[in-house]
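Just so you know, all these numbers are worked out from the coordinates, no wet-lab data involved. It should be emphasised that the depicted structure is a prediction, and the values quoted were computed from it without experimental measurement. Quick reminder, even Gly has a Cβ in these numbers, built from the backbone with ideal geometry, and neighbours come from all protein chains shown.
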Amino acid sequence: MLAVHWAPVSKTKHILRNGIRKSPNGLYCFPLTGHKGLDRWWVYFFNQCRVRARKKYNGIVFHIEQEDFPAYFGHWIGATNRHRFTKEITSVKDLGKEFRRMAMLKLGQIIAWNKGLDKNIYDADQQDALYLKLAEQELEQSSGSITPLLNNLDFMTLVIQDHQLVLSHSIPAKRIIKVMPQGDEFGRVHRLNKRSLKYRYTD
């Protein structure tokens, strides 16, 4: 799985030489989905919500490896306890499973809302069980594959647009695959001389 870490353009050269340094809480990034707008969600958030001073960012793309775990993957609100993340994901395989589970929960939730099937269910665990059951039934009745949903921009935006992935370790420079701009124009983006990648999910 690929991930993107957004950093100010002014720090790009330093990152390409020295790698991506983690903060005390870990290394913040976002799973690369192949959907341009979704992959740049955090840049829009930074520049529109006054969380940081408005500036240009570059996306530093790298491949997630086992050495980066444990990791946190979830909604950015309420993710910390006294600024310390609970990193419960311990492998690339587990991250893939959690990614799929989040998509299945959202699919089941949409079905339940449309049919009013969860109106009297208030326990979160019972809701999740219902959503997963409805999602599995939906997939069995259709193609049996979740891949079309993962490649659907509107659906994936509902699933992970406000989520973050927090890894445990810094990323060395040799593992950086490419640099991408926050918009259509490259401006001061520093390109890596490597083949371009196409990102699409497969089961």
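At 20 °C and a viscosity of 1.002 mPa s, what translational diffusion coefficient does Stokes-Einstein give for region 1-141, taking Rh as the Kirkwood radius over Cα pairs? Give it in µm²/s as a whole number. The partial results should precede the final answer.
On the way: Rh = 17.5 Å.
Reported coefficient: 122 µm²/s.
Sort ILE89, ILE171 so the one with the fewest other Cβ atoms within 10 Å of its own Cβ comes first. Working shown, then result.
Values: ILE89 21, ILE171 24.
Ordered by Cβ neighbours within 10 Å, fewest first: ILE89, ILE171.
Each Cα pair under 8 Å and six or more residues apart adds its separation to the average, and for region 2-181 the resulting relative contact order is 40 percent. Partners of LYS11 within straight-line reach, counting lysines whose Cα lies under 29 Å from its Cα and excluding those fewer than 8 residues away in the same chain: LYS22, LYS36, LYS55, LYS56, LYS87, LYS174, LYS178, LYS194, LYS198.
Ordering 6-12, 112-118 by mean Cβ neighbour count within 10 Å, with the highest value first, yields 6-12, 112-118. Here the mean projected area of the convex hull built on the C-alpha positions of region 87-159 is 5.7 nm².
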